[in-house]
Amino acid sequence: MSAALRTAIFGATSAIAAEVAAVCAARGDRLWLVARDSQKLAALRERLGDAVVGAEVCDFEQLETCAPAVQRAIAGLGGLDRALLAHGYLGDQLRSEADVGYARHVIDVNFTSAVALLLPLAAHFEVQGRGHLAAITSVAGVRGRPRNYTYGASKSALSTYLQGVRSRLYRRGVKVHDIRLGPVPTPMSEGHPQNFLWGEKGQVARGIVKAMERRWHVVYQPGRWALVMAIVRVMPEWLFQRFGFLAGR
Ligand SMILES: NC(=O)c1ccc[n+]([C@@H]2O[C@H](COP(=O)([O-])OP(=O)(O)OC[C@H]3O[C@@H](n4cnc5c(N)ncnc54)[C@H](OP(=O)(O)O)[C@@H]3O)[C@@H](O)[C@H]2O)c1
């Protein structure tokens, strides 16, 4: 891709999305940023300069505000070539096991609010007949683990939803990307012990943009997670349960 693309990023101030926005700005894209925190949004806007056509504060848990935010992004950019959903909430797994209201909050941030954004975005791309629609999911969604299965289930639901949208829009020429992220040091993973499998936010951001440019549908970032999760996915339950680092807390 060489032409300047009109790109909208939802959850734009997430550590990873901000890096994606920087990669897009460097390649000459025109950006529309939507995020919950006005101060972080102002700082990101300043960092990216003229590449940012517009920005808007929005809490995606307020579901009724999602479609208008999408419509303003499309109008502000004068159309849309690609959209990325990047917000998410890991939450406290133990609390989500004891409090259904809290479990619902985790699910709503990761899944319901994403659906509220995907409805108008998919409708737009369907009429337009081209474009790229991407969302960041997680390797946690591939197999449920005690450490984070409420979050993992909500990301898994999002992956399945994206799969459906992809098949719906496939013949229209619209590309739908499921970006399955492995762990990366960001505010979300703060305090978690790191190992050699962890990614770096700049590298992951470049991988996300590349995935859209190469038209890859389901992408693991960093790429080594494709192999790890291929093994984890097919591991029989009796074997899975023997590995404490996978099946334990
Ligand atoms: N870091 C990892 O290890 C990892 C691994 C797998 C997948 N992911 C996924 O990667 C994506 C980016 O996360 P990150 O690592 O960059 O973490 P991050 O910096 O903590 O970003 C999470 C973002 O989600 C936003 N958000 C949460 N609830 C929201 C709501 N109701 N409305 C609007 N925005 C909301 C947060 O906004 P505020 O700034 O206002 O809090 C924050 O900007 C997420 O989808 C996450 O699930 C991350």
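The values are calculated or read from the model by the stated rules, or taken from the named source; none is laboratory data. Computed from a predicted structure; not experimentally measured. Here the Cβ positions follow ideal geometry from the backbone for every residue, glycine too, while neighbour counts run over all protein chains shown. For accessibility, only protein heavy atoms count, side chains too; no ligands or nucleic acids. Shrake-Rupley method; radii C 1.70, N 1.55, O 1.52, S 1.80 Å.
The table that follows gives values for the structure above.
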read-out: Members of region 49-80 that are open to solvent by 40 Å² or more (accessible area, probe 1.4 Å), more than 16 Å from the ligand (Cβ to nearest atom) and over 14 Å from ILE9 (Cβ atoms); value: ASP50, GLN71, ALA75, GLY78
read-out: Some residue of region 135-147 being assigned to a helix (DSSP H, G or I), without any contact (Cβ under 8 Å) to a residue 24 or more places away in the chain and within 17 Å of ALA86 (Cα to Cα); value: yes
read-out: Hits in region 229-249 (condition: part of a helix (DSSP H, G or I) and open to solvent by 40 Å² or more (accessible area, probe 1.4 Å)); value: ILE231, ARG233, VAL234, GLU237, TRP238, LEU239, GLY244, PHE245
read-out: Those residues of region 109-134 which are touching a residue at least 24 places away in the same chain (Cβ under 8 Å), in a helix (DSSP H, G or I) and farther than 25 Å from ARG206 by Cβ, in sequence order; value: VAL109, PHE111, THR112, SER113, VAL115, ALA116, LEU119, PRO120, ALA122, HIS124, GLU126, GLN128
read-out: Check on ALA35, under 25 Å from LEU181 (Cβ atoms), within 11 Å of the ligand (Cβ to nearest atom) and in contact with a Leu (Cβ under 6 Å, 6 or more places away or on another chain); value: yes
read-out: Selection count where residues are assigned to a helix (DSSP H, G or I), touching a Ser or Thr at 6+ places or on another chain (Cβ under 9 Å) and touching a residue at least 60 places away in the same chain (Cβ under 8 Å), scope region 61-97; value: 1
